[in-house]
Amino acid sequence: MFYLHLKISVDYLNKWAINIPDYALKLATGYWPGPMTLILERSEIAKDFITGGQDTVGLRVPAHVTTLALLDEFHKLGGNGIAAPSANRFGAVSPTNAEAVQSELGEFLDQSKDLIIDGGQSLVGVESTIIDCTTESPKILRPGAVTEEMIEEVTKLDLSYDATEIRVSGSLENHYSPSAHVILDVVPVTGDGFIALSDIPTPDGVIRLASPTNNEDFARVLYAALRSGDQQSLTRIVVKQPSGDDISVAIRDRLLRASRGR
């Protein structure tokens, strides 16, 4: 699915979407710029090449200073936003820095025309929260840093759990998968890669890939750690999942999909 990134006021939503509910405006006001994508009914200018042929469009305003600067300059030239896919191959682990993008897509780029903008390390790590705003109450289609509690706090609504036919990135049963086999919540053995919070010790013979200090740090380093396991040609990567109802929900979602393999 394609997302439209906008460096504009919330009022500009009316350009790309119709029938915008009040709670979507509250979410946009509360959490943009930030890691949140709103799914809304598309307007006439949101063509099929942007929406993947769907009747909805995904909109967000990223918080990264480099991306905002790019969008601001494009807006000055008359641009209305940027429609772009994620910088990873289908089903693969998402890049979180320019080096990883080069590793993932470099062979497919035209070096004379294509550029990779290096904005440093991803601020959040895992992808944005995707929220369906086409019904009476919001529905999380993909968890992220904007949590269920945060959504309900701003909208004063309970989340919807009704089924939806809207297609979004990362919703396949197996996704975000490295070449190594991802194993969850078991004791790693000699030769395994290991990702766990820093207070969990590394067994002898196990290759520590990341030791995040908290759940937010876990989200930032997760994909780089999975990529590191592939770079070291590991067969298995064991991950001790973090607990909680914060960004750890998104981490567990990505890990569950990664564990199901490619």
Determine if region 161-168 includes at least one residue that is at pLDDT below 95, surrounded by 14 or more Cβ atoms within 10 Å (Cβ to Cβ) and among the aliphatic types (A, V, I, L, M). yes
Within region 47-61, is even one residue assigned to a helix (DSSP H, G or I), loosely packed, with under 13 Cβ neighbours inside 10 Å and at negative phi? yes
Could you give every pair whose Cβ atoms fall below 9 Å, whose first residue belongs to region 31-59 and is without any contact (Cβ under 8 Å) to a residue 40 or more places away in the chain, and whose second residue is outside any strand (DSSP E or B) and of a type in the set (F, W, Y), counting only separations of at least 6 or pairs across chains? R42/W16; S43/W16; I45/W16
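Table: residues versus (1) modelled with pLDDT under 90; (2) within 22 Å of D118 (Cβ to Cβ); (3) among the polar types (S, T, N, Q).
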| site | (1), (2), (3) |
| --- | --- |
| M1 | yes, no, no |
| T29 | no, no, yes |
| L40 | no, no, no |
| A98 | no, yes, no |
Inside region 109-202, counting only strands (runs of 3 or more DSSP E) that do not spill past its ends, which hold 1 or more residues that are under 22 Å from T56 (Cβ atoms)? 129-132, 139-142
Within region 88-125, residues being within 13 Å of the chain's Cα centre (by Cα) and within 15 Å of P178 (Cα to Cα) number 7
Within region 174-221, work out how many residues are among the acidic types (D, E) and within 19 Å of N97 (Cβ to Cβ). 2
Count - residues of region 209-239 that are over 12 Å from G125 (Cβ atoms), surrounded by 16 or more Cβ atoms within 10 Å (Cβ to Cβ) and touching a strand residue (DSSP E or B) at 6+ places or on another chain (Cβ under 7 Å): 8
For the list (1) at pLDDT below 95; (2) within 18 Å of G244 (Cα to Cα); (3) of a type outside the set (F, W, Y), I need the number of the one condition that L123 fails. (2)
Counting only residues that are within 21 Å of T51 (Cβ to Cβ), in a loop (DSSP other than H, G, I, E, B) and in contact (Cβ under 8 Å) with a residue 24 or more places away in the chain, region 62-86 contains a total of 5
Hey, does region 155-163 have a residue that's among the acidic types (D, E) and more than 27 Å from S103 (Cα to Cα)? yes
Just one listed residue, out of T129, T135, T67, is modelled with pLDDT of 90 or more and surrounded by 16 or more Cβ atoms within 10 Å (Cβ to Cβ), and it is T129
Taking T51 as meeting all but one of (1) polar (S, T, N, Q); (2) in contact with a Pro (Cβ under 8 Å, 6 or more places away or on another chain); (3) under 20 Å from T129 (Cβ atoms), write down the number of the exception. (2)
Can you tell me which of I166, I140 is in the same structural domain as D22 (by TED's automatic domain parsing) and β-branched (V, I, T)? I140
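The values are calculated or read from the model by the stated rules, or taken from the named source; none is laboratory data. Bear in mind the structure is a predicted one, so any value in this text is a computation, not a measurement. Heads up, the Cβs are rebuilt from the backbone with ideal geometry, glycines too, and the neighbour counts pull from every protein chain shown.
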